[in-house]
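Reading through the structure tokens given below for one structure.
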Amino acid sequence: MTETTLQCPVSKKCGGCQLSNMTYKEQLSFKQAKVIRLLGKLHRVGEIVPSPRPMHYRNKVQAAFGRTRGGEIISGVYQSSTHHIVKTDACSIEDELADAIIVFIRQLVKSFGLTVYDERIGRGFLRHVLIKRAFATGEVMVVLVTGTQVFPSKNAFCARLREQFPQITTILLNVNDRYTSLVLGERETVLYGPGYITDVLCGLRFRISSKSFYQINRDCAELMFTQALESVGLTGREIVIDAYSGVGTIGLIAAGKAKRVISVELNRDAVKDARVNAKLNGITNVDFYCADASDFLAEMAAENETADLVIMDPPRAGSTVRFMKSVVKLAPEKVLYISCNPETLARDLTFFTKNGYKIRMIRPYDMFPFTEHVESVILISRAGS
């Protein structure tokens, strides 16, 4: 595997795998060099950790549906920077079962006489299909994203789908009748099963809904979270702040080795999911707050509250100066920074090193093989400690 390149007939049209012309070994070297180039002047960069599953690692797969000019029903991905659908039956980085389900749904649409959505006129039934698979439990969610709530023969359609793929544990109908680039709409109905799937990560169970965020590469995420928390050396006495916490994944994992975890997230739906996940695992030492993390940390500092560790996992744009000033003001002993963009990470680490912190560790992870993206885990602590 490490000595072969990705043989994909639509790679140039799709644009999803920017490194498909490289062997996996070459990709790791490329990403290692990229992180060293951007961060090496700040601290020694550890050896990149490869993905345990370089192929078919994506546990979330979505496909757009449409028709060719000749009337053929197709499904696939949008060509890079366009809304032109590139027909695909399989993808080397997507879960194979999910791809097979999508192809079968394409056949069912035809046999049931259903229509597919036409963006030009804003009409039609099936718009997208979203599949989520829990690799640890094997549970599969199918989300049919449609342009209308009307679904003729929905019971028979779902029965045929489950008959062909008994691994499917829940099916949802999501209505998106707006002209938008967003896949999911606001209205959602459960057609079969509980409406969610459950996966296991670092020994904890996480409930995954259609809209909740969950790590795309579960196996690599488990490795990264485990090693990241080991590097911190929690003893059970620490107060931990999990900022940009999302559904609380790493904060809940850290809770077993900390005295208390304070989880801060601005998205209300994510906070709701996080509370459910805490209850699911019987975790009682995590407090969840729906708030802007910068405001929350600044307020804690103003009230002379303290924390031993701040965990931060910001979006690709990186952190904000306002947030980092709040961290510096709060003055935790350690900061664990999980980054998906080494460019913005270099900028943020420079801020911390100029404001009383020293970098202790930089370790890249190949969370997304065959793409140009690289994750990094950084441990910093107060200078002199």
- Quick check, is Leu173 assigned by TED's automatic domain parsing to the domain that holds Thr146 and within 25 Å of Val374 (Cα to Cα)? no
- Message: Quick check on Ser231: is it part of a loop (DSSP other than H, G, I, E, B) and either outside the structural domain of Leu330 (by TED's automatic domain parsing) or at negative phi (or both)?
- Response: no
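Does Glu26 meet the test of being modelled with pLDDT under 75, of a type in the set (Asp, Glu), farther than 29 Å from Arg360 by Cβ and out of contact with any Gly (no Cβ under 6 Å at 6 or more places or on another chain)? Step through it out loud before you land on a result.
Details: modelled with pLDDT under 75: no; of a type in the set (Asp, Glu): yes; farther than 29 Å from Arg360 by Cβ: yes; out of contact with any Gly (no Cβ under 6 Å at 6 or more places or on another chain): yes.
No; evaluated as a whole, the condition is false for this residue.
Out of all the residues in the range 258-271, is one or more under 16 Å from the mean Cα position of the chain (by Cα) and exposed (fewer than 15 other Cβ atoms within 10 Å of the Cβ)?
Our first condition is that a residue be under 16 Å from the mean Cα position of the chain (by Cα); within the range 258-271, this holds for 265, 267, 269-271.
From the residues that got through so far, the ones that are exposed (fewer than 15 other Cβ atoms within 10 Å of the Cβ) too are 269.
The answer is yes; a qualifying residue exists.
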- Query: Would you pick out the residues in the range 35-51 that are surrounded by 14 or more Cβ atoms within 10 Å (Cβ to Cβ) and more than 17 Å from Asp348 (Cα to Cα)?
  - Reply: Gly46, Ile48, Val49, Pro50, Ser51
- Read through the list (1) touching a His at 6+ places or on another chain (Cβ under 6 Å); (2) at pLDDT 95 or above, then give the number of the only condition that Phe225 fails. (1)
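Taking the range 38-58, which residues are part of a loop (DSSP other than H, G, I, E, B) and within 27 Å of Gln167 (Cα to Cα)? Full working, then the answer.
To start, the set of residues in the range 38-58 that are part of a loop (DSSP other than H, G, I, E, B) comprises 40-48, 50-57.
Of everything in the range 38-58, those that are part of a loop (DSSP other than H, G, I, E, B) and within 27 Å of Gln167 (Cα to Cα) turn out to be Ser51, Pro52, Arg53, Pro54, Met55, His56, Tyr57.
Against the condition buried (at least 16 other Cβ atoms within 10 Å of the Cβ), at pLDDT 90 or above and either closer than 14 Å to His128 by Cα or among the β-branched types (Val, Ile, Thr) (or both), how does Val140 come out, does it pass? Please lay out each step first, then the result.
On the way: buried (at least 16 other Cβ atoms within 10 Å of the Cβ): yes; at pLDDT 90 or above: yes; either closer than 14 Å to His128 by Cα or among the β-branched types (Val, Ile, Thr) (or both): yes.
Yes, satisfied.
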- Query: Which of (1) in the same structural domain as Ser376 (by TED's automatic domain parsing); (2) in contact (Cβ under 8 Å) with a residue 40 or more places away in the chain does Gly16 not meet, given it meets every other one?
  - Reply: (1)
- Select from the range 198-220 the residues that are modelled with pLDDT of 95 or more and closer than 18 Å to Glu265 by Cβ and list them in ascending order. Leu201, Leu204
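Looking at the range 339-367 only, could you name the residues that are under 16 Å from the mean Cα position of the chain (by Cα) and modelled with pLDDT of 95 or more?
Residues satisfying the conditions are Tyr365, Asp366, Met367.
The values are calculated or read from the model by the stated rules, or taken from the named source; none is laboratory data. Just so we're clear, the structure is a prediction, and the values are computed from it rather than from any experiment. Using ideal geometry, Cβ is built from the backbone for each residue, glycine included, and neighbour counts are taken over all protein chains shown.
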